[in-house]
Amino acid sequence: MSEAGGSEAEQDSTPDVPRAKGAVSAPGPDGRPRKVSRRFPLFTRDTARPEGGGRAAAGDAPAPARQWPLLSVVSLVGLGLLLTALDVFRVGTLLVGVALVGGAVLRWALPDVGMLAVRSRFTDMVTYGALGLAIVLLAMMAQPEPWLEIPFLDDTLHYTI
């Protein structure tokens with residue numbers, strides 16, 4: 001054997017080099033890798049941040065500036081609820097629906113939207129968009145004197161009640 005081969009054998013037998021075979025997780029408190037099961041854990045210890053869940057503004061900006069996408073959606077929803085409470089039902093609910101559709105657009109257009117990102121980008125866009133569109137359609141179809149009439153939905157409502 002050459003000297004290089006002998007030194008490699010010595011390195012393999014040194015106890016200071018952490019080695020583990022099979023499924024390995026992050027190092028334990030002693031700095032050595034821990035062997036773990038390949039099964040899913042019974043309890044979730046951590047969750048991944050949703051894509052786009054970073055700050056919407058620089059870290060040195062004040063908190064409201066970092067979360068402006070969420071604050072804009074929540075402000076429009078709050079204004080819509082206030083208008084609804086003040087008996088301007090149709091405009092208030094339209095504003096709530098438009099705010100949710102706007103949240104879907106912000107989630108699609110911006111790379112980082114702060115706490116407006118709850119799930120994956122696609123799931124957030126579909127959820128915000130579908131709920132917002134449903135609220136807008138229902139607000140436009142509300143009685144009396146609906147702004148929008150969709151005959152098959154009217155028939156469906158009459159047959160189900």
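The values are calculated or read from the model by the stated rules, or taken from the named source; none is laboratory data. Note that this is a predicted model, so its numbers are computed, not measured. As a convention, Cβ positions derive from the backbone with ideal geometry for all residues, glycine included, and neighbour counts pool all protein chains shown. Protein only, heavy atoms only, side chains kept; ligands, DNA and RNA dropped before computing areas. Shrake-Rupley method; radii C 1.70, N 1.55, O 1.52, S 1.80 Å.
Remarks
- Exactly one residue out of Ser37, Ser25 is assigned to a loop (DSSP other than H, G, I, E, B), farther than 26 Å from Val126 by Cβ, at pLDDT below 75 and not aliphatic (A, V, I, L, M): that is Ser37.
- Inclusion of Leu133 among residues that are in a helix (DSSP H, G or I) and open to solvent by less than 80 Å² (accessible area, probe 1.4 Å) is not warranted.
- Set Asp87, Asp155: member being in a helix (DSSP H, G or I), more than 30 Å from Gly59 (Cα to Cα), among the charged types (D, E, K, R) and open to solvent by 60 Å² or more (accessible area, probe 1.4 Å): Asp155
- Cβ-Cβ under 6 Å pairs, at least 6 apart or on other chains, segment 69-89 side in contact (Cβ under 8 Å) with a residue 40 or more places away in the chain, far side open to solvent by 40 Å² or more (accessible area, probe 1.4 Å) and of a type in the set (A, V, I, L, M, F, W, C): Leu70/Met115
- Subset of segment 136-152 that is farther than 25 Å from Ala104 by Cα and not in a loop (DSSP other than H, G, I, E, B) - its residue that is most open to solvent (accessible area, probe 1.4 Å): Phe152
- So Arg45, is it within 22 Å of the chain's Cα centre (by Cα), farther than 30 Å from Pro146 by Cβ and at pLDDT 85 or above: no
- Inter-residue pairs, beta-carbon under 9 Å, first in contact (Cβ under 8 Å) with a residue 60 or more places away in the chain and in segment 116-131, second charged (D, E, K, R) and surrounded by fewer than 18 Cβ atoms within 10 Å (Cβ to Cβ), 6+ apart: Ala117/Arg49; Ala117/Glu51; Ser120/Glu51; Arg121/Glu51
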